[in-house]
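To start, the structure under review is shown below, and the notes come after it.
Here, each number is a calculation from the coordinates, and none is a lab measurement. It should be emphasised that the depicted structure is a prediction, and the values quoted were computed from it without experimental measurement. Cβ placement follows ideal geometry from the backbone for every residue including glycine, while neighbour counts extend to all protein chains displayed.
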């Protein structure tokens with residue numbers, strides 16, 4: 001999710017983007033209450049765009065509304081995170097397979113640009129920048145397919161994983177970037193059957209689930 005200029009986007013989108021970034025960066029923790037009036041004051045807007053932004057946060061799975069209590073940063077259970085990874089493994093691998101089949105030279109050039117942004121973030125040792133670049137990299141596979149249902153579902157699940165990672169896990173981005181090497185090598189060489197690409201992406205996402213299990217076991 002990139003910074004948005006309010007002159008280029010409508011207010012609810014802008015407010016949503018700013019609050020979601022603050023959630024992902026850890027400014028607001030799991031269980032924190034989000035108060036409409038606070039954001040009205042912060043962004044100097046009326047109730048309507050804040051309420052619309054809150055609904056977008058709920059739709060993204062970052063916030064939950066509790067009856068008569070208001071909106072809170074969502075708290076995920078261990079089982080919910082496992083379920084997110086399980087679905088991501090299947091859907092993200094499908095997106096990679098279909099993107100591999102449809103990818104043009106222009107698409108491949110863009111994919112390498114996105115990967116370079118990830119590598120630059122690693123060189124700067126900036127985990128926040130890395131995970132945002134990683135999200136853009138993963139989303140691009142869906143964009144190549146043009147399957148908007150796939151794009152939307154995967155984006156929601158990735159954002160939820162990203163939130164959990166920032167809140168609780170300490171991921172070694174210098175190691176994580178290496179888990180993409182095989183995938184990028186074969187996308188550039190075009191030397192594998194698309195089902196093999198699907199397997200590579202499946203294995204890549206599964207590493208995240210494995211790391212999550214290790215993290216939970218050490219708590």
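Against the chain, whose longest principal axis comes from its Cα atoms, helix 105-123 is set at around 70 degrees. FRET efficiency for the pair residue 156 and residue 44, taken as 1/(1 + (r/R0)^6) with r the Cβ-Cβ distance and R0 = 25 Å, rounds to 0.30. Taking the 0 to 90 degree range and rounding to the nearest ten, how far is the long axis of helix 47-59 tilted relative to the main principal axis of the chain, both from C-alpha atoms? Orientation of helix 47-59: about 40 degrees from the principal axis.
In terms of overall dimensions, the stretch 11-73 has a Cα radius of gyration and Dmax of 10.5, 28 angstrom.
Axis angle, to the nearest 10 degrees, between helix 78-102 and the longest C-alpha principal axis of the chain: 50 degrees.
Of interest is the spacing of the C-alpha centroids, which for the stretch 134-155 and the stretch 9-38 amounts to 23 Å. The stretch 169-219 and the stretch 111-127 have their alpha-carbon centroids 16 Å apart. In the stretch 78-217, Cα pairs under 8 Å separated by at least six residues give a relative contact order of 40 percent.
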